[in-house]
Amino acid sequence: MTDPSSFDTKRYESRYPQIWHPRIALIVAFLIPLKLSLAYIVLAPGLILWGANAGLSLLASRGTRSTTPLISSLILFQLSVFISSCLGFDPAHSIKTLLSFSFFSLTIGFIASAGNGWQILLMLVLGQSVAALHTVIESAFPNLVGNWFIGDVSESGQLALVIPALLGMIYSAYSAHSERRFYLISALPLLTAALLINLKRGPWCGVIVGASIFLISFASRTTRFVSALIVASCFFLPPVYNRILDSSDHFFISGGRSTIWQIGLEFIAKYPLGVGYHNSRFLQRFSLEIPKELKHFHSNILNIVAENGWLSGIFFVAFIFSAISLCWRKPHNPLHVAIGCGLLSWQIAGLVEYNFGDSEVLLTAWILLGVVLGQTGLRRDLKENRTPTEPSPNDSNNDLLTRN
């Protein structure tokens with residue numbers, strides 16, 4: 001639904017090329033679960049052209065356009081990170097990395113204004129299904145299949161976002177009696193299998209919590225009961241069971257999270273303004289136990305506060321809260337709520353891993369946020385000469401994203 005206070009009410013003519021924009025969005029959504037470098041090759045030029053057009057539109061509105069709490073909190077977060085980076089260990093490196101983060105955060109607006117949110121989600125699930133199928137085959141035949149796509153950590157982080165969102169897509173498809181429901185329901189066990197095979201406990205917890213909230217909110221008692229039985233049975237699989245039993249040992253192992261988090265807390269106490277964005281790579285200077293390949297604090301909030309200070313931590317929490325609140329805006333759209341559950345799952349997993357710093361995972365989150373933002377008013381404002389409170393004469397009943 002739309003928020004009259006969130007978007008510009010002035011009328012202007014969009015000059016953005018509507019032919020290739022949606023197509024690029026579809027290609028990017030498909031490639032992100034497979035190969036980040038290929039996604040960048042397609043996405044970067046699209047963002048440049050879209051950003052240029054958005055700038056012209058802003059000039060046309062004479063800078064009077066307002067923005068959402070989601071975008072405002074993200075901008076404030078980046079500003080606070082910039083200030084911390086200027087005062088940190090390596091300002092040049094931090095600012096360079098921050099510019100990359102800021103550039104690709106435009107993906108939210110790029111996806112929001114593409115106007116084909118349902119198709120974008122379908123392509124995202126398709127790409128994720130291809131990656132999951134590769135994971136399953138690689139697990140069964142490790143000597144025959146190489147590592148073609150992204151790593152298991154990034155894939156698990158993406159699955160933490162996509163699986164709850166997929167539940168909302170299935171619910172919407174069944175409510176609309178769409179034939180797509182058969183494809184979507186077949187993708188669910190494949191993605192779940194890949195999540196289990198990767199043996200990442202943070203995403204497991206995130207998906208369980210996110211999926212549970214969605215099922216409690218919308219599913220029937222029978223569906224909830226069957227889902228609970230399936231999840232419970234997964235815990236008795238030997239690799240899963242042993243992985244859970246080893247959690248304590250892995251936490252306190254030399255150079256493990258216990259040591260890393262202790263150093264992070266010392267960082268926060270010693271440098272309340274932070275050490276600068278992307279500077280946790282100096283971790284090894286503070287403990288010889290830390291392996292050289294570990295360059296972050298394995299926790300979103302801890303990593304952000306340690307690198308960028310308390311102010312950035314506050315804006316980060318505000319951004320996440322705004323993102324999830326956007327998805328739960330009344331009247332509740334089941335698909336948007338499911339995406340909100342995916343974002344919550346992402347951050348639950350982020351309590352024990354730094355998935356906010358994982359580009360593959362972060363771009364997946366940007367896509368999901370862009371879909372929701374586009375369906376709650378931004379896309380219409382960008383494409384039509386009317387205020388967001390006016391009903392569209394061309395709203396399609398075939399777009400499941402706009403149907404409850």
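For region 76-113, enumerate the residues that are out of contact with any His (no Cβ under 6 Å at 6 or more places or on another chain) and β-branched (Val, Ile, Thr). I'd like the intermediate steps shown before the answer.
Taking region 76-113 first, the residues out of contact with any His (no Cβ under 6 Å at 6 or more places or on another chain) are 76-93, 95-96, 98-113.
Matches in region 76-113: VAL81, ILE83, ILE95, THR107, ILE108, ILE111.
Only one residue in LEU311, LEU294, LEU326, LEU343 is touching a Leu at 6+ places or on another chain (Cβ under 6 Å) and at negative phi, so which one is that? First the steps, then the outcome.
Numbers: LEU311 fails: touching a Leu at 6+ places or on another chain (Cβ under 6 Å); LEU294 fails: touching a Leu at 6+ places or on another chain (Cβ under 6 Å); LEU343 fails: touching a Leu at 6+ places or on another chain (Cβ under 6 Å).
Matching residue, one of LEU311, LEU294, LEU326, LEU343: LEU326.
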Checklist entry - If you check PHE149 against the conditions, is it in contact (Cβ under 8 Å) with a residue 12 or more places away in the chain and either over 23 Å from LEU166 (Cα atoms) or not charged (D, E, K, R) (or both)? => result yes
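Would you confirm, using the coordinates I've provided, whether SER345 is farther than 19 Å from ASP90 by Cα, among the hydroxyl-bearing types (Ser, Thr, Tyr) and in a helix (DSSP H, G or I)? I'd like the intermediate steps shown before the answer.
Details: farther than 19 Å from ASP90 by Cα: yes; among the hydroxyl-bearing types (Ser, Thr, Tyr): yes; in a helix (DSSP H, G or I): yes.
Against the criterion (farther than 19 Å from ASP90 by Cα, among the hydroxyl-bearing types (Ser, Thr, Tyr) and in a helix (DSSP H, G or I)), SER345 qualifies.
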Next on the checklist: For the structure I just gave you, tell me whether VAL162 is more than 20 Å from ALA232 (Cβ to Cβ) and in contact with a helix residue (DSSP H, G or I) (Cβ under 8 Å, 6 or more places away or on another chain).
Outcome noted: yes
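Restricting to helices (runs of 4 or more DSSP H) lying wholly in region 80-158: which have 2 or more residues that are of a type in the set (S, T, N, Q) and over 21 Å from ILE185 (Cβ atoms)?
Once the helices (runs of 4 or more DSSP H) in region 80-158 are filtered for at least 2 residues that are of a type in the set (S, T, N, Q) and over 21 Å from ILE185 (Cβ atoms), what remains is 91-105.
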Checklist outcome for this item: Pairs returned, first residue in region 207-228 that is over 19 Å from ASN333 (Cα atoms) and free of Cβ contacts under 8 Å to residues at least 60 places away in the same chain, second residue that is in a helix (DSSP H, G or I) and not acidic (Asp, Glu), beta-carbon separation under 7 angstrom, 6 or more apart or interchain, are ILE208/VAL231; THR223/LEU215; ARG224/LEU215; ARG224/ILE216; SER227/LEU215
Checklist outcome for this item: In region 291-324, residues that are under 15 Å from the mean Cα position of the chain (by Cα) and either surrounded by fewer than 24 Cβ atoms within 10 Å (Cβ to Cβ) or more than 30 Å from SER175 (Cα to Cα) (or both) total 8
Checklist outcome for this item: Here the qualifying pairs (Cβ atoms under 8 Å; residues six or more apart or on different chains; first in region 272-287 and buried (at least 22 other Cβ atoms within 10 Å of the Cβ) and at pLDDT below 70; second of a type outside the set (Val, Ile, Thr) and in a loop (DSSP other than H, G, I, E, B)) come out as LEU283/LEU294; LEU283/LYS295; LEU283/HIS296; LEU283/PHE297
Checklist outcome for this item: Subset of region 156-194, residues free of Cβ contacts under 8 Å to residues at least 40 places away in the same chain and of a type in the set (Gly, Ala, Ser), comes to SER186
Next on the checklist: Tell me the residue from SER254, SER280, SER258, SER227 that is under 30 Å from LEU188 (Cα atoms) and of a type in the set (Ser, Thr, Tyr), please.
Outcome noted: SER227
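If I ask for residues that are closer than 23 Å to HIS336 by Cβ and either surrounded by 17 or more Cβ atoms within 10 Å (Cβ to Cβ) or among the aliphatic types (A, V, I, L, M) (or both), which ones from region 189-211 would you list?
Scanning region 189-211 gives LEU191, THR192, LEU195, PRO203, GLY206, VAL207, ILE208, VAL209, GLY210, ALA211.
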Next on the checklist: Just checking, does region 92-109 include any residue being at pLDDT below 95, over 27 Å from PRO45 (Cβ atoms) and out of contact with any helix residue (DSSP H, G or I) (no Cβ under 7 Å at 6 or more places or on another chain)?
Outcome noted: no
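The values are calculated or read from the model by the stated rules, or taken from the named source; none is laboratory data. Predicted model, so just to flag it, every value in this text is computed and none were measured. Methodologically, a virtual Cβ is constructed for each residue, glycine included, from the backbone with ideal geometry; neighbour enumeration extends over all protein chains shown.
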